[in-house]
1. How about segment 91-132: which of its residues are basic (Lys, Arg) and either in contact (Cβ under 8 Å) with a residue 24 or more places away in the chain or touching a strand residue (DSSP E or B) at 6+ places or on another chain (Cβ under 8 Å) (or both)?
2. Considering only residues of segment 11-54 that are touching a residue at least 60 places away in the same chain (Cβ under 8 Å), surrounded by fewer than 19 Cβ atoms within 10 Å (Cβ to Cβ) and in contact with a helix residue (DSSP H, G or I) (Cβ under 7 Å, 6 or more places away or on another chain), which is farthest from Asp85 (Cα to Cα)?
3. Could we say that Ser102 is in contact with a Cys (Cβ under 7 Å, 6 or more places away or on another chain) and of a type outside the set (Asp, Glu) here?
4. Within segment 82-134, take every residue that is under 18 Å from Thr68 (Cβ atoms) and in a helix (DSSP H, G or I) and give me the one that is most open to solvent (accessible area, probe 1.4 Å).
5. What number goes with the only condition from (1) within 16 Å of Gly98 (Cα to Cα); (2) under 15 Å from the mean Cα position of the chain (by Cα) that Glu15 does not pass?
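The values are calculated or read from the model by the stated rules, or taken from the named source; none is laboratory data. Being a predicted model, the structure only gives us computed values, none of them experimental. Glycine also receives a Cβ, built like all others from the backbone with ideal geometry; neighbour counts cover every protein chain displayed. Protein only, heavy atoms only, side chains kept; ligands, DNA and RNA dropped before computing areas. Shrake-Rupley method; radii C 1.70, N 1.55, O 1.52, S 1.80 Å.
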Amino acid sequence: MLKDLWINLPVKDIERSKKFYSGIGFKLNEKYSGQDSLSYMIGNKEMILMLFKEDMFESFTRSKVSDTSLSSEVLFSIGAESREDVDQLVKNAEASGGTVFSEAAEVQGWMYGCGVADPDGHRWNAVYMDFSKR
């Protein structure tokens, strides 16, 4: 039976990535962190994000790392508890070395979200969904 979801991402600079992910509120998981990798717990359900130096990631996947300046390999979405949480994520991402690729805005009248990228170009979307307006 499957039980966990682990998201694995390649990064160029472990310390730069640590500043970003800690800055946006992910919880560092010392148990699985080391010199060439970091582990974070995401959200209340504590999904696991693993960051590996690019060469280590390539050895696991047996393929080259995508060039995120040319294309997106995936978009991770995070559910927020409020519009204010979405706005705070934008501020924290920028202050922690990330970039905003989609400013926070209302979508379809019942969702409010934004898009940020970490220093390696991995894209994250934060969205608050007000189902009472749907």
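1. Narrowing segment 91-132 to residues basic (Lys, Arg): 91, 123.
Scanning segment 91-132 gives a single hit, Arg123.
2. First pass over segment 11-54, keeping only residues touching a residue at least 60 places away in the same chain (Cβ under 8 Å): 11-13, 16-17, 19-25.
When the remaining residues are screened for being surrounded by fewer than 19 Cβ atoms within 10 Å (Cβ to Cβ), the result is 12-13, 16, 19, 22-23, 25.
Checking the rest, the ones that are also in contact with a helix residue (DSSP H, G or I) (Cβ under 7 Å, 6 or more places away or on another chain) come to 12, 23, 25.
Values: Lys12: 28, Gly23: 14, Gly25: 11 Å.
Per the criteria, the residue is Lys12.
3. Working: in contact with a Cys (Cβ under 7 Å, 6 or more places away or on another chain): yes; of a type outside the set (Asp, Glu): yes.
Considered against the rule, which asks whether it is in contact with a Cys (Cβ under 7 Å, 6 or more places away or on another chain) and of a type outside the set (Asp, Glu), Ser102 comes out as yes.
4. Step by step, filter segment 82-134, then rank; the result is Glu94.
5. (2)
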